[in-house]
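J.: Quick one: structure below, then a few questions.
None of the figures in this text is laboratory data; all of them are computed from the coordinates on show. From a predicted model like this one, the values you see are computed outputs, not experimental measurements. Positions of Cβ are backbone-derived with ideal geometry, glycine not excepted, and every protein chain shown enters the neighbour counts.
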Amino acid sequence: MAATAAAMASTGVRAFSAAALSDRARGAVLGGAVADALAAPAHWYYDTSALRRDYGVIRDFVKPHEAHSGSIMGLSNTGGAGRGSREGRIIGDVINHGKREYWRRGIHYHATLQKGENTLNTQVARLLVRTMVKGKGYSAEEFLEAYVTFMTTPGSHNDAYAESYHRLFFQNHVKGVPPSRCAGDDGHNIASMGGFVMLPPVALLAAARASPLGDDIDAAAKAAGEAAGRHVLLTHKSEKLRAYAEAYGALLARVTMGVPLRDALALAGRAIGVDVPSLARKSSPPYSTACYIEDSFPWLCYLAYKHGHDIEEALVANVMAGGENAHRGAALGALLGAAHGASALPKRWVDGLYEAAATATEADDFAALVTSGTLGDAGAAESRSEL
């Protein structure tokens, strides 16, 4: 049922406006980027005492050290998903050119990144934003074409690490499989938080197209969830992940349309069978900090519910919780940016990004795309989307 302005006001939902939507769309892009860059040095530290020993409490961008006591990158398969042989040449020859030498035990996953620089998954999310802006809408075909070009072009990014979904996709690609069928599932590593990093722009555009006047939150949430679920399948052949992606997409839509963050989180939790308000009363959630989606999405909800009133507090808490904090952080940062707007992000973080000017332009351009057609704007960009 459509939510009227009066009903929204009575439940404490902030009024929907083109200015608010623009700020929240910018916030989703910038929030994801700053959270990812903040967490990159601490990524996959499961021993939080080692994390504090190596970095202290991370409150600002720092360059990742070359050494990482908990790194098992040397056990990862350089020719496909998961762990395995280092004989394969997907890493080094097909993607992540010149980075194969870093795939050794004890080397930091992101040793090649600079202070404030984004990891590969957030680079792909930013690529998706640029592709959507260029095409004035969403196209799965155009994203896949851009993704293949980006990943196979030497020098397109500076990250040493590429998680399993990238390696499996390009293992299939080099065999001549069409991009639309290159997504795979090794049965263990694909249903992970890394797939969430690129979902915010897809979900937000779908929400805005479904409810241009911001008066039907349920329709916006449904459209955003379905769009996120479809998009994640392009690179992750996992129905489990798709189901969680739908819950995350709907969550993003609700906060973007002005639903209070905690109310939206409670609804998202119900969709995955988790009582988020009760979870947030615990000192720490009873889930692993690993990447697997059945653990990492509840962690995201916990952090957002408990600390989401303060973006800085929430993102620092995410970093210091360890584990899969870079991709979890990117998804959390996008959520909080969508809830509070870019104006609520710490300026030192936004300005301190390694590619601050380019990321700000991407956020501005995406906000213009999302708001075109809202509130009766006759100059709306034609929707070419498959959402």
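J.: If the reach is capped at under 12 angstrom between alpha carbons, list the aspartates and glutamates near K222, excluding any in the same chain fewer than eight residues apart.
T.: Filter leaves E246.
J.: If I fit a long axis through the Cα atoms of helix 239-256 and take the longest principal axis of the Cα atoms of the chain, what angle between them do I get, 0 to 90°, rounded to 10?
T.: Approximately 40 degrees, to the nearest ten.
J.: Given a Förster distance of 35 Å, report the FRET efficiency between I72 and S156 from their Cβ-Cβ distance, rounded to the nearest 0.05.
T.: Working: r = 26 Å, r/R0 = 0.74.
About 0.85, to the nearest 0.05.
J.: Would you compute, from DSSP H runs of 4+ residues alone, the mean residue ellipticity of the chain at 222 nm, taking -39500 (n - 2.57) per run and dividing by the full residue count, rounded to the nearest 500? Kindly include the intermediate steps, with their values, before the conclusion.
T.: Values: 16 runs with 202 residues, N = 387.
Here the helix-only value at 222 nm equals -16500 deg cm²/dmol.
J.: Another question, if that's okay. Among L345, L251, L265, whose mean-square fluctuation peaks in a Gaussian network model of the chain (Cα, cutoff 10 Å)?
T.: Highest fluctuation among the options: L345.
J.: Any of K282/K306; K136/K240; K134/K240 with alpha carbons more than 21 Å apart? Name them for me.
T.: Numbers: K282/K306 10 Å; K136/K240 30 Å; K134/K240 31 Å.
Pairs exceeding 21 Å: K136/K240; K134/K240.
J.: Let me ask you something else. Please return the longest stretch of the chain lacking exposed loop sites, where GluC sites (Glu not before Pro) count only if DSSP places them in a loop and at most 10 other Cβ atoms lie within 10 Å.
T.: On the way: sites that count: E87, E382.
The longest uninterrupted stretch comes out as 88-381.
J.: For M132, M257, which order do you get if you count the other beta carbons within 10 Å of each Cβ and list the fewest first? Intermediate values should be presented prior to the final figure.
T.: Numbers: M132 25, M257 31.
Fewest to most other Cβ atoms nearby, the residues stand as M132, M257.
J.: Then there's this: Straight-line reach only, C-alpha to C-alpha below 21 angstrom: list the lysines that K115 could link to, leaving out same-chain residues fewer than 8 apart.
T.: Within reach: K63, K99, K347.
J.: Once both axes come from the Cα atoms, what is the angle between helix 120-135 and the longest principal axis of the chain, in degrees from 0 to 90, rounded to 10?
T.: Computed tilt is about 50 degrees.
J.: Now for a separate question. Which value in nm describes the separation of the simple spin-label points at D310 and L233, placed 7 Å from the Cα toward the beta carbon?
T.: With each label point 7 Å from Cα toward Cβ, the separation is 4.3 nm.
J.: Starting from the Cα of K175, draw a straight line to each of the lysines and keep only those under 21 Å, dropping any in the same chain fewer than 8 residues away.
T.: Once the sequence-local lysines are set aside, what remains near K175 is K237.
J.: For helix 199-210, report the angle its Cα long axis makes with the longest principal axis of the Cα atoms of the chain; keep it between 0 and 90° and round to the nearest 10°.
T.: 20
J.: Pull up all non-local amide H partners of I107: gap of 5 or more, or a different chain, and H-to-H distance under 5 Å with H placed in the peptide plane.
T.: Distant-sequence amide H within range of I107: H68, M73, G74.
J.: Also, quick follow-up: Which one, (i) 1.04; (ii) 1.15; (iii) 0.92, gives Cα Rg over 2.2 N^0.38 Å as derived from the coordinates shown?
T.: Comparing each candidate, only (iii) matches the computed number.
J.: Using label points projected 7 Å from each Cα along Cα→Cβ, tell me how many nm separate D60 and R105, to one decimal.
T.: Distance between label points: 3.7 nm.
J.: Please identify, among G229, G135, G176, the residue showing maximal mean-square fluctuation in a Gaussian network model of the chain using a 10 angstrom Cα cutoff.
T.: For the chain, modelled as a Gaussian network with Cα springs under 10 Å, the answer is G176.
J.: Under a Cβ-Cβ cut-off of 10 Å, what is the net charge of the residues other than L168 that fall near it, where Lys and Arg count +1 and Asp and Glu count -1? Mind showing how you got there, number by number?
T.: Details: positive: R167, K237; negative: E163, D185, D186.
Its environment carries a net charge of -1.
J.: Next question. What's the local net charge at G31, with K and R +1, D and E -1, over the other residues with C-beta under 12 Å away?
T.: Values: positive: R24, R26; negative: D23, D36, E312.
The answer is -1.
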